[in-house]
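Everything below concerns the one structure shown next.
The values are calculated or read from the model by the stated rules, or taken from the named source; none is laboratory data. Computed from a prediction, not measured in an experiment: that's the story for all the values here. Note that each Cβ is placed from the backbone with ideal geometry, even for glycine, and that neighbours are counted across all protein chains shown. Side chains are part of the model used for accessible areas, which takes the heavy atoms of the whole protein and leaves out ligands, DNA and RNA. Shrake-Rupley method; radii C 1.70, N 1.55, O 1.52, S 1.80 Å.
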Amino acid sequence: METVTERHLLGDRSVSVETSSPMRRWLSLGEFLVGAAIVVGHNVYHVVPNEVPILFVLGLLSLRVRDRNWKAFGLNWPQSWRRTILIALTAAVVRIVVGSVVIDPLTARFWPAAIAPSGSESISGNLMVTLQWLLLVWTFAAFGEEISYRGYLLARAASAGGCSRAAYWIAVMLVSVLFGMGHYYKGPSGILDSGMAGLVLGATYLLSGRNLWTCVLAHGFIDTFGVLALFFGWQT
């Protein structure tokens, strides 16, 4: 399957983007639709196991067979870790502020507050439980979900659209919807809030030059803030 490499400017870095052959685009579309079905099948209909391990494995297999290069998922070593961390921190702040100032007041007009993850009520004041949650945050959530959603599904959605600039931004929006559905248990408020988080993380991925480490770190910072807020009683 042939690909033609073009140059596109995403943010302030010029990166290589592959324009897919028709066969590769159809294969990417198939992978994306299967991934979407897995997300909905687990979170809405509960007929499949948790989507994150499944998508993680499928993504790695697809990477091995089709790309054979970590750069396809944006996991190559960043040119500057300092820049990567600063971008991640900025994205985390944007997500937290927009969630608190815009999304929460908006959804409160229509629906009950988002439902917290099961077991999170035991975090308050409990150091050992907090450490366990932080471990879960940085493995399953930050690394696992970012590989699954931004690294794999977003890449395949963009490839299905020909890997153009527009295709990548459409892919960000599609995967943000799926990310919201991936938090279906939180109710309507939580779905919208998580979808907004997916939009921020997807935009961060593109504006950083498809550097997935910015998303992994931003996701970890966001969830770490949430866990510490519960531990210290900053939110009820």
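Multiplying the residue separation of A229 and Q132 by 0.36 nm and removing their Cα-Cα distance gives an extension gain of 33.4 nm. Note the angle between two axes, namely the Cα long axis of helix 127-136 and the longest principal axis of the Cα atoms of the chain, as a number of degrees from 0 to 90, rounded to the nearest 10. In the chain, helix 127-136 runs at an angle near 20 degrees to the longest axis.
A full extension of the chain between S120 and V65 corresponds to an added length of 15.9 nm, given 0.36 nm per residue minus the alpha carbon distance.
In the context of the full set of protein chains, residues of the stretch 26-82 present 63 Å² of accessible surface per residue (probe radius 1.4 Å, heavy atoms only).
With all protein chains present, how much of the accessible area of the chain (probe radius 1.4 Å) comes from carbon and sulfur, to the nearest whole percent? Accessible surface attributable to carbon and sulfur in the chain totals 69 percent.
Contact order for the chain, expressed relative to its length and based on alpha carbon pairs under 8 Å spaced 6+ residues apart, stands at 33 percent. With the simple spin-label model, which puts each label point 7 Å out from Cα in the Cβ direction, the I170 to V93 separation comes to 3.5 nm. Only Cα pairs within less than 10 Å get springs; with that Gaussian network setup on the chain, which residue of G125, G198, G187 has the largest fluctuation? Comparing G125, G198, G187 in the GNM, the peak value goes to G125. With a 1.4 Å probe rolled over the protein heavy atoms of all chains, the accessible area of T90, T224 falls in the order T90, T224, largest first. Accessible surface calculations at 1.4 Å, restricted to protein heavy atoms, place the stretch 90-236 at 44 Å² per residue. Figure note: W111, W77, W70, W234 ranked by solvent-accessible area, largest first, 1.4 Å probe, ligands and nucleic acids not counted: W77, W234, W70, W111.
Which label belongs to the value computed from this structure, given these candidates for log10 I(q)/I(0) by the Debye sum over Cα atoms at q = 0.09, 0.15 Å⁻¹: (i) -0.33, -0.98; (ii) -0.51, -1.00; (iii) -0.37, -1.03? Only one option fits the structure, namely (iii). Using C-alpha pairs below 8 Å separated by at least 6 residues, the relative contact order for the stretch 66-179 is 21 percent.
Work out the FRET efficiency for H46 and D104 from their Cβ-Cβ distance, taking R0 = 22 Å, and round it to the nearest 0.05. Once rounded, the FRET efficiency stands at 0.20. Of the trypsin sites (Lys or Arg not before Pro) in the stretch 54-134, the ones in a loop by DSSP (not H, G, I, E or B) with at most 12 other beta carbons within 10 Å are R68, R109. Taking all protein chains as they are arranged and a probe of 1.4 Å, the heavy atoms of R24 leave approximately 20 Å² accessible to solvent.
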